[in-house]
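Quick note: the coordinates plus some simple rules give every number you see, no bench work behind them. Keep in mind it's a predicted model, so treat the numbers as computed, not measured. We place every Cβ from the backbone using ideal geometry, glycine too, and count neighbours over all the protein chains shown.
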Amino acid sequence: MSRELFLRLNSMSRTLFSARAGRLSLWLGGAALAFGMFVRITGELVEGEVGAMDSAILLAVANKRTPWLTAAAVDVTALGSITLVVLFSAFTLVVLLVLRDRLGALQLLAASAGAGILTLVTKNIIERIRPEEAQQLIVVSGFSYPSGHSVSTSALYLTIAIIAGRYVQHSGARAAIFLAVSAVLIMVGASRVYLGVHYATDVVSGISLGAAWALLLAGFFALGSHRGSS
């Protein structure tokens, strides 16, 4: 009887370890792919290979502007504003503290701080000027590359989705959460191009950089959680 119990426990522990190892590989592999995309886009930008494409996309989008699309774009882009991102993050942080999920709270804080630092450092290194080919429909300042809205929304909203996924057992529900976050990232990024304040590569690189940071943190905290429970 004891031997049978031992075998069952051993089998369960192997299954659990395999699942955690799979998630760790997924997070770190995704982080590597996302960061690789960011590096590639940055390299092509520095070499002057994306300027013509960026201008063509920006002008094509500007030609499709309509009053109702402009109003919608202004509303959508607010989802990436500092105010709303901080509010969503603060609310999530409070929930995590109530749930006594200290690792989750620390992960969220790290995502926020890292996104801000990565945006500031990269912008000041690249120093890309804001688009001038089309009228800017909102007032902005600072350099263009990468899109700060895209970095922050990607890093923070994806981190919130990853943490929320730990509390959701149904795989379909988890998939819905990540699909919803992906839709928000795409819409916010597209709104920045539509409003004439960013090039397409600013947005794609911002999403890639933010996602790389969020996925790297997911892998790191998954590893820390495994060590803490072992």
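Using a Gaussian network model of the chain with C-alpha springs under 10 Å, which one of ASP202, ASP54, ASP101 is most mobile by mean-square fluctuation?
ASP101
Based on the mean of other beta carbon atoms within 10 Å per residue, what is the order of 178-191, 133-146, most packed first?
So the peptides 178-191, 133-146, ranked by packing, come out 178-191, 133-146.
Angle between the Cα long axis of helix 200-229 and the longest principal axis of the chain, 0 to 90 degrees, nearest 10?
20 degrees
Computed FRET efficiency, Cβ-Cβ of ILE177 and GLU49, R0 35 Å: what is it to the nearest 0.05?
The calculated FRET efficiency here is 0.45.
Please compute P(r) over all alpha-carbon pairs of the range 67-187, binned at 10 Å starting from zero, and give each bin as a whole-number percent.
Taking every Cα pair in the range 67-187, the percentages come to 12, 37, 33, 15, 3, 0.
Springs between alpha-carbon pairs under 10 angstrom, Gaussian network model over the chain: which of LEU217, LEU99, LEU59 fluctuates most?
LEU99
Measure nothing fancy, just the Cα-based angle from helix 51-62's long axis to the longest principal axis of the chain, in degrees from 0 to 90, nearest 10.
Computed tilt is about 80 degrees.
If the elastic network links every pair of Cα atoms under 10 Å, which of VAL197, VAL151, VAL61 fluctuates the most in the Gaussian network model of the chain?
Judging by the Gaussian network model, the answer is VAL61.
On C-alpha positions alone, give me the angle between the axis of helix 67-77 and the longest principal axis of the chain, in degrees, nearest 10.
In the chain, helix 67-77 runs at an angle near 40 degrees to the longest axis.
Give the Rg (one decimal place) followed by the Dmax (whole number) of the chain, computed from C-alpha coordinates and expressed in Å.
Cα-based Rg and Dmax for the chain come out at 20.3, 77 Å.
At R0 = 25 Å, how high is the FRET efficiency between ALA90 and ARG130 if r is their beta carbon distance? Nearest 0.05 is fine.
0.30
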